[in-house]
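Colleague: Let me give you the structure first, and then I'll get to my questions.
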Amino acid sequence: DGLANFSPENRMILKDVDIVPIYDGCENLRIEETRECFKNKISAFIKREFSLSISKSLNLSESKQVDAFFIIDKKGNITGLKVRDSEVTIQAEILRVLRKIPIMKPANHQGKSISVLCSAVIKYGNDIKVDVIYIPERPND
């Protein structure tokens, strides 16, 4: 149930859905507020759970950036995790953190629960920054 199985017939990109997944604490907000709350909660969760000792142990002279992708399925679970271009220890830590994201109310489009593809840009070094939770554009397929 990973990214490979997330085909054009059964996927939505987060920016295209009527209602984004609802993270705990983001209920009863207007649509744009819910989107912003979702981004803020995911960013805060990653920052809080990421073990800085792992990136500090790499003794990096400057921060590095990594892209992480995940699916929030139609039951609100995190699946299809992928981390691109990073140190093995960082990749493992980001995957560990993403697996801990709590179940949430799934995205909704035209009255139906659906799976959505999400992405995070994570900068690591002596601190952790989640600059943007963004949504990849729909591929031309």
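Colleague: Being on the phi > 0 side of the Ramachandran plot and more than 12 Å from the chain's Cα centre (by Cα) is the filter here; which residues of the stretch 32-89 pass it?
Modeller: Just the residues of the stretch 32-89 that are on the phi > 0 side of the Ramachandran plot, to begin with: 59, 76, 80, 85.
The answer is ASN59, GLY76, ASP85.
Colleague: How about the stretch 40-64: which of its residues are of a type in the set (S, T, N, Q), under 16 Å from ILE94 (Cα atoms) and without any contact (Cβ under 8 Å) to a residue 60 or more places away in the chain?
Modeller: Of the stretch 40-64, the ones of a type in the set (S, T, N, Q) are 40, 43, 51, 53, 55, 57, 59, 61, 63.
From what's left, under 16 Å from ILE94 (Cα atoms): 43, 51, 53, 55, 57, 63.
Within the stretch 40-64, SER51, SER53, SER57 meet the criteria.
Colleague: Of all residues being hydrophobic (A, V, I, L, M, F, W, C) and in contact with a Phe, Trp or Tyr (Cβ under 7 Å, 6 or more places away or on another chain) in the stretch 67-83, which is most open to solvent (accessible area, probe 1.4 Å)? Just the residue, please. Can you show your working first?
Modeller: Taking the stretch 67-83 and keeping what is hydrophobic (A, V, I, L, M, F, W, C), we get 68-72, 78, 81, 83.
This time we only want the ones that are in contact with a Phe, Trp or Tyr (Cβ under 7 Å, 6 or more places away or on another chain), so: 71, 78, 81.
Values: ILE71: 5, ILE78: 33, LEU81: 49 Å².
Result: LEU81.
Colleague: Scan the stretch 103-120 and report the pairs whose first residue is closer than 15 Å to LYS41 by Cα and whose second residue is among the aromatic types (Phe, Trp, Tyr), with Cβ atoms within less than 6 Å and a gap of 6+ or a chain change.
Modeller: MET104/TYR23; CYS118/PHE70; SER119/PHE69; SER119/TYR134
The values are calculated or read from the model by the stated rules, or taken from the named source; none is laboratory data. All of these numbers come straight from a predicted model, not from anything done at the bench. Cβ sites come from the backbone with ideal geometry, for glycine too, and all protein chains shown count toward neighbours. These accessible areas exclude ligands, DNA and RNA; they are computed on the full protein's heavy atoms, side chains included. Shrake-Rupley method; radii C 1.70, N 1.55, O 1.52, S 1.80 Å.
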